[in-house]
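Undergrad: Would you mind keeping the following structure in view while I ask a few things?
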Amino acid sequence: MKRVLTALKETLSAGQPVALVSVSNASGATPRAAGAHMAVGRSGLLAGTIGGGAVEHRALMRARDQLDSGRSADHEYVLNRSDVEDLGMICGGDVTVRFYVLDGEHHLAAVEAALLALDAHIPVLLIHGLDGEQAVLLAWSDGTLTGNSLSFDREQLIRALKTVSGRRFEPLPGLFAEPIARAGRAVIFGGGHVGRALAQVLHAVDFPVVVLDDREAFLLPGDYPEGVLLKLADFTDIDFPIAASDYVCIMTRGHKFDQIVQAQVLKTEAAYIGVIGSAHKSRTVARNLKEEYGFTDEDLSRITTPIGLSIMAETPEEIAVSIAAQLIEVRARREQG
C-alpha cells in the first residue's frame with residue numbers, strides 16, 4: 001500500500017489528478033480479492049496491481065476516462081463467458097472496481113496523513129464516497145474523523161466502523177472504507193540469518209516489521225528494507241510494548257534466550273507467538289516454562305512451535321517463506337473475524 005500512496009502523493013504534489021483504482025467487491029474465482037489496488041495517472045499505471053490480465057487492462061483504460069471526466073465511478077467486470085462483458089479469462093466470477101479520482105490540496109493532505117500513519121504503524125481507515133464533492137476523510141483507531149466531510153451522520157458512521165470488520169467494507173451507503181495501516185506488527189526477536197530473511201519477506205507482504213536483537217552488528221539498517229524498525233534490546237528484560245494485535249516471532253541466537261523471551265511474551269496478549277526450533281527443543285523449553293516459570297498447558301497452547309508451515313524448508317530464505325505464509329493465514333483469519 002505504501003507504494004500506491006507514495007505514487008498518489010507524488011502525482012498530486014505535481015498538480016496532476018490521479019486515480020486510486022481498487023477492487024471493492026469480488027465473488028467467484030477472480031484474479032484478486034477485494035482489497036487490491038493500484039494508482040493510475042494520465043501516463044498509465046504508477047504503482048500496484050489489481051490482478052493483471054484483462055481486468056487490469058480494461059481498468060487502466062477506464063481510469064484514464066475517469067481522470068478526463070474528473071469524476072469517480074464504480075464498474076463491474078463479469079468474468080463468465082456467457083455474460084455481456086466477457087473478458088476472456090479462465091477465472092469465473094464478478095469483480096467490482098472502484099475508480100476514485102483524487103485532485104487538489106484536500107486529497108493531497110489526506111494521502112500525506114495516511115502515509116504518516118502507515119510509517120508510524122497507526123491503524124487508520126481511508127473513507128471516501130462517490131458524490132459530487134469527491135470528499136475523503138480518515139478514521140483513526142480512537143474514533144476520530146479527519147478530512148473534508150461528506151453528507152452523513154457522523155455518529156452513525158463511527159458506530160458502523162466499530163462493528164464492521166474486514167479488509168474493505170461499506171460502513172454506510174455510498175461510503176467506502178479501507179485500512180491504510182493494518183493493526184498488528186510482526187515483532188521478530190533475533191536478527192540472525194532467518195530473522196533478516198523473514199523481515200524482508202514480511203515487509204514485502206505489508207506487515208509492519210520490528211526486529212529486536214541484543215547485538216548492534218545484527219541491526220545494521222543496510223541489512224533490512226527501509227521502514228523496518230530496528231531496536232537494540234536486552235532479552236532478559238524486554239523494554240518494548242507488545243500489543244494484542246502483534247505477531248511475535250522468536251528466533252534468538254540460542255535456546256536459552258528463546259526461552260527467556262517466551263517467558264516474557266507469554267505475559268502479553270500477543271495475537272500470535274511462534275518459536276523456531278525442533279520438536280525436541282520445543283518439548284524441553286515447554287517443560288522448563290512450566291517448572292521454572294509456572295506456566296500452564298493452556299498458556300503454552302498459545303505458542304506455535306516449530307514456527308512456520310511444514311514445507312521441508314532448509315535455507316533461511318525458505319524458512320522465512322514458510323513463516324510468512326503462516327502469518328499471512330493467521331492475519332487473514334483474524335481480519336475475517
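Undergrad: Restricting segment 47-71 to residues that are at pLDDT below 85 and part of a loop (DSSP other than H, G, I, E, B), which is surrounded by the fewest Cβ atoms within 10 Å (Cβ to Cβ)?
TA: 52
Undergrad: Just name the residue that is surrounded by the fewest Cβ atoms within 10 Å (Cβ to Cβ) out of those in segment 180-196 that are aliphatic (A, V, I, L, M) and over 13 Å from residue 224 (Cβ atoms).
TA: Top of the filtered list is 183.
Undergrad: Quick one: count up the residues across segment 269-288 that are closer than 17 Å to residue 188 by Cα and in contact with a strand residue (DSSP E or B) (Cβ under 8 Å, 6 or more places away or on another chain).
TA: 7
Undergrad: Looking at this structure, is residue 325 within 23 Å of the chain's Cα centre (by Cα) and buried (at least 18 other Cβ atoms within 10 Å of the Cβ)?
TA: Against the criterion (within 23 Å of the chain's Cα centre (by Cα) and buried (at least 18 other Cβ atoms within 10 Å of the Cβ)), residue 325 does not qualify.
Undergrad: Please go through segment 197-212 and give me each residue that is buried (at least 19 other Cβ atoms within 10 Å of the Cβ) and closer than 22 Å to residue 243 by Cα, ordered by number.
TA: Selection gives 198, 199, 201, 202, 203, 207, 208, 209, 210, 211, 212.
Undergrad: What residue, of 201, 210, 187, is modelled with pLDDT of 95 or more, touching an Asp or Glu at 6+ places or on another chain (Cβ under 9 Å), part of a helix (DSSP H, G or I) and not polar (S, T, N, Q)?
TA: Matching residue, one of 201, 210, 187: 201.
Undergrad: Of the conditions (1) out of contact with any Gly (no Cβ under 9 Å at 6 or more places or on another chain); (2) over 18 Å from residue 25 (Cα atoms); (3) modelled with pLDDT under 85, residue 134 fails just one. Which one is it?
TA: Condition (1) is where residue 134 drops out.
Undergrad: Condition first: in contact with a Phe, Trp or Tyr (Cβ under 9 Å, 6 or more places away or on another chain) and either at pLDDT 85 or above or basic (Lys, Arg) (or both). Now tell me which residues in segment 19-46 satisfy that.
TA: 19, 20, 21, 22, 40
Undergrad: Any idea which residue in segment 1-18 is modelled with the lowest pLDDT, counting only those that are part of a helix (DSSP H, G or I) and of a type in the set (S, T, N, Q)?
TA: Top of the filtered list is 6.
Undergrad: Moving to a separate point now. What single numbered condition from (1) touching a strand residue (DSSP E or B) at 6+ places or on another chain (Cβ under 7 Å); (2) crowded, with 18+ Cβ neighbours inside 10 Å fails to hold for residue 218?
TA: (1)
Undergrad: Name the residue, out of 303, 311, that is farther than 18 Å from residue 188 by Cβ, out of contact with any Cys (no Cβ under 8 Å at 6 or more places or on another chain) and β-branched (Val, Ile, Thr).
TA: Sole residue among the options that is farther than 18 Å from residue 188 by Cβ, out of contact with any Cys (no Cβ under 8 Å at 6 or more places or on another chain) and β-branched (Val, Ile, Thr): 311.
The values are calculated or read from the model by the stated rules, or taken from the named source; none is laboratory data. All of these numbers come straight from a predicted model, not from anything done at the bench. Every residue, glycine as well, gets a Cβ built from its backbone with ideal geometry; the counts of neighbours run over all protein chains shown.
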